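Encoded as structure tokens, the structure appears first; notes follow it.
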Amino acid sequence: MMAAGVPEVAQVDASGRPRRRPSRGMYVLPSLFTAGNIAAGYYAITQSIQGSASEPAFFDRAALAIGFAVLFDGVDGMIARLTNTASDFGRELDSLADVITFGVAPSLLAYIWGFRMLPATDYPLLRDRIVHLGVFICFLFLICGASRLARFNISVNPQPRNPGRPGKKYFVGMPIPAGAGVIASVVHYESGSPISDPRLAIVWLCLILFTGFLMVSTWRFWSGKEAALGQRHPFQLVAVIVAVGALIALYSEYVLIIIALGYLVSGVLARLAYSWGQKRRRAGVISQ
């Protein structure tokens, strides 16, 4: 709100003309998608609780709900930018929604699907230890996701430890929707059938822990913000989006896990490539 006696400066567009302020109703539009994000997270939680080894479809539906929430999370920000309706309320609501949908829901799904459903008859001592450790690791995933959101909210122009090409925008650390997508894609790939082998449960444990680490790391991850519809080749981007959507509709189990794990690996490879380049540069300086 402007102070008394201080004239309000009108916003102008690129041509210098006064920019019309959106109507109040337009500010509700992004929040509706955020509400859909929360609804998907709540649905995923309820489905995870009902899932079992004899009824794996509940786990699969929980994973799909998290996948739809990732879509809602991207759409609400896009709509807010396109309609110029970004607000402090919308940002705070979006952060709270992300904690629920991409923090609580996937951590609960990861625990029940990967650890709680282990058979009680085989290796009972090992099973109990894995289950107890799984509770702790899934909680760490939740804390890492919440910390990633808090850091994102307070950061101003953050720079990754391994900077990329100039002019391109990167996330510092894996975004929490991508972390949740890793968990959801693996569950959906297995059609919701829970883990029954303690050895696979240990691998699942390591994947959750590593994903949590990537979220709080300062490694760079591609943001995709330069791939906007308003750029030079919007029709090519639309064609790619349609093609990927069609592949997901036909082969969702394979396409989603390739996208999720591919994005995870991309951040690791970017970090390794930067470290390797640094060593080569240092070796070149020493040799000179």
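The values are calculated or read from the model by the stated rules, or taken from the named source; none is laboratory data. Everything quoted here is computed from the prediction, not taken from an experiment. A quick note on method: Cβ atoms are made from the backbone with ideal geometry, for glycine too, and the neighbour counts reach across all protein chains shown.
Below are the figures for this structure:
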read-out	value
Some residue of region 216-234 being at pLDDT 90 or above, touching a helix residue (DSSP H, G or I) at 6+ places or on another chain (Cβ under 6 Å) and assigned to a helix (DSSP H, G or I)	yes
Residue selected from region 18-31 under the condition surrounded by 12 or more Cβ atoms within 10 Å (Cβ to Cβ) and not small (Gly, Ala, Ser), by the criterion modelled with the lowest pLDDT	Arg19
Val156, sole failed condition from (1) closer than 19 Å to Asp73 by Cβ; (2) among the aliphatic types (A, V, I, L, M); (3) modelled with pLDDT under 90	(1)
Count of residues meeting criterion [part of a loop (DSSP other than H, G, I, E, B), over 14 Å from Val268 (Cβ atoms) and among the polar types (S, T, N, Q)] in region 153-172	3
Residues being surrounded by 12 or more Cβ atoms within 10 Å (Cβ to Cβ) and within 21 Å of Ile66 (Cβ to Cβ) - total across region 246-288	16
Close pairs from region 243-270: first closer than 17 Å to Val187 by Cα, partner surrounded by fewer than 15 Cβ atoms within 10 Å (Cβ to Cβ) and modelled with pLDDT of 95 or more, Cβ under 6 Å, at least 6 apart	none
Which numbered condition Ser31 misses (of (1) under 19 Å from Val187 (Cβ atoms); (2) among the small types (Gly, Ala, Ser); (3) assigned to a helix (DSSP H, G or I))	(1)
Residues that are buried (at least 22 other Cβ atoms within 10 Å of the Cβ) and not in a helix (DSSP H, G or I), drawn from region 173-191	Gly173, Met174, Pro175
Selection count, region 76-90, where residues are assigned to a helix (DSSP H, G or I) and exposed (fewer than 15 other Cβ atoms within 10 Å of the Cβ)	5
Leading residue by the ranking (surrounded by the most Cβ atoms within 10 Å (Cβ to Cβ)) among those in region 36-75 that are acidic (Asp, Glu) and in a helix (DSSP H, G or I)	Asp73
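Yes or no, residue by residue, for (1) surrounded by 14 or more Cβ atoms within 10 Å (Cβ to Cβ); (2) under 30 Å from Ser52 (Cβ atoms); (3) charged (D, E, K, R):
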position: Ala97; (1), (2), (3): yes, yes, no
position: Tyr111; (1), (2), (3): yes, yes, no
position: Phe136; (1), (2), (3): no, yes, no
position: Cys144; (1), (2), (3): yes, yes, no
position: Leu149; (1), (2), (3): yes, no, no
position: Asn157; (1), (2), (3): no, no, no
position: Asn162; (1), (2), (3): yes, no, no
